[in-house]
1. So which residues in region A:104-118 are of a type in the set (A, V, I, L, M, F, W, C), in a loop (DSSP other than H, G, I, E, B) and either in contact with an Asp or Glu (Cβ under 6 Å, 6 or more places away or on another chain) or in contact (Cβ under 8 Å) with a residue 40 or more places away in the chain (or both)?
2. Pull up region A:124-153, narrow it to residues that are among the aromatic types (Phe, Trp, Tyr) and over 16 Å from A:ASP78 (Cβ atoms), then point me to the one that is nearest to the other protein chains (Cβ to nearest Cβ).
3. Only one residue in A:LEU101, A:LEU121, A:LEU96 is free of Cβ contacts under 8 Å to residues at least 40 places away in the same chain and within 14 Å of chain B (Cβ to nearest Cβ). Which one?
4. If you check A:VAL95 against the conditions, is it modelled with pLDDT under 95 and of a type in the set (A, V, I, L, M, F, W, C)?
5. Residues being within 9 Å of chain B (Cβ to nearest Cβ) and at pLDDT below 90: count how many of those fall in region A:179-219.
6. For region A:99-110, give me each residue that is under 17 Å from A:VAL173 (Cα atoms) and either surrounded by fewer than 16 Cβ atoms within 10 Å (Cβ to Cβ) or within 17 Å of the chain's Cα centre (by Cα) (or both).
7. Looking only at region B:1-24, how many residues end up being in a helix (DSSP H, G or I), more than 17 Å from A:VAL21 (Cβ to Cβ) and within 8 Å of another protein chain (Cβ to nearest Cβ)?
Amino acid sequence: MGIAMKKTLDIFFPAAALAAVISALAAVFLYAPVERTMGLVQKIFYFHLGSAAAAFLAFTVVLVSSVFYLVSRSPRWDTVALAAAETGVLFCTLVLITGPLWARPVWGKWWVWDPRLTTTLILWFLYVGYMVIREALPGPRGALAAGVFGILAYVDVPIVYFSIRWWRGIHPVVIRGGNVGLDAGMIPPLIISLAAFVLLLAALTRERYNIGNLELRIQQLEVSSKEDTP
Amino acid sequence: MSKLAYLFAAYSAIWAAVLIYLVRLGMRRRALEARVDSLERAAGSRQEGGM
């Protein structure tokens with residue numbers, strides 16, 4: 001990829017994310033109807049689901065890049081995996097913060113050990129574990145261990161998604177059998193929110209990837225500096 | 001706490017977390033760019049000295 005293209009993408013993703021986030025906020029607060037039973041607090045749902053979609057997508061990127069890293073041993077794929085893991089943890093954290101803030105006024109409790117909530121918490125711990133591996137084991141050993149772990153940890157993503165179908169719980173089911181269980185007026189704000197969070201994920205992951213590339217450049221310069229020193 | 005307060009808390013938490021992460025990324029990027037510059041300058045002066 002040329003330098004001009006890289007610079008264009010560096011501007012495109014943050015600008016598109018900002019525009020999409022503003023549109024999503026407008027759609028949620030100016031267009032979406034107020035839910036009859038839950039009232040205003042239901043509006044947390046749009047960005048809660050957006051954060052969950054972004055976290056799932058980020059962890060899928062970790063899986064794919066980890067496979068490519070283990071096959072090619074190219075540090076670039078490891079850098080992509082690390083960037084996606086970090087942003088995935090950020091969005092998974094947002095899911096775990098906004099969920100209880102919705103649950104408290106609706107369920108009367110901040111947290112219940114519901115299958116969806118429990119498997120999501122496990123998901124968060126798994127990818128925090130991934131980050132810990134990266135901190136504890138620098139260099140190719142850490143990249144290799146994280147690559148294997150990044151593939152194994154992904155097993156929990158489909159478990160989180162299907163947990164509300166496999167086990168009885170109290171977490172709402174929005175999409176069942178291809179049908180969206182929402183008022184028609186809530187669907188456009190939901191789609192815009194999902195798009196906004198995907199673009200936000202892309203912008204943040206790209207910025208984190210650029211930082212990873214700078215770290216790789218420093219390692220290369222330090223190695224050549226040691227080789228040049230008599 | 002009213003329902004509006006929960007809504008406000010949720011949206012504030014989201015944007016605060018994203019903003020803090022962005023600021024941290026920006027600071028880290030600036031520090032790394034400065035380190036790359038200094039290493040590249042040092043490599044350049046070593047090459048000039050070796051000529």
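1. The one that is of a type in the set (A, V, I, L, M, F, W, C), in a loop (DSSP other than H, G, I, E, B) and either in contact with an Asp or Glu (Cβ under 6 Å, 6 or more places away or on another chain) or in contact (Cβ under 8 Å) with a residue 40 or more places away in the chain (or both): A:VAL112.
2. The residue in question is A:TRP124.
3. From the options A:LEU101, A:LEU121, A:LEU96, the qualifying one is A:LEU96.
4. On the way: modelled with pLDDT under 95: no; of a type in the set (A, V, I, L, M, F, W, C): yes.
Considered against the rule, which asks whether it is modelled with pLDDT under 95 and of a type in the set (A, V, I, L, M, F, W, C), A:VAL95 comes out as no.
5. 0
6. Answer for region A:99-110, where residues must be under 17 Å from A:VAL173 (Cα atoms) and either surrounded by fewer than 16 Cβ atoms within 10 Å (Cβ to Cβ) or within 17 Å of the chain's Cα centre (by Cα) (or both): A:GLY99, A:TRP107.
7. So the answer is 4.
To keep it simple, each residue is scored yes or no on (1) more than 28 Å from A:PRO158 (Cβ to Cβ); (2) not in a loop (DSSP other than H, G, I, E, B).
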site	(1), (2)
A:LYS6	yes, yes
A:LEU9	yes, yes
A:THR37	yes, no
A:VAL61	no, yes
A:VAL64	no, yes
A:LEU70	no, yes
A:TRP77	no, yes
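The values are calculated or read from the model by the stated rules, or taken from the named source; none is laboratory data. Please read all numbers here as calculations on a predicted model, not as lab measurements. Cβ coordinates were reconstructed from backbone atoms using ideal geometry, including for glycine residues, and neighbour counts include every protein chain displayed.
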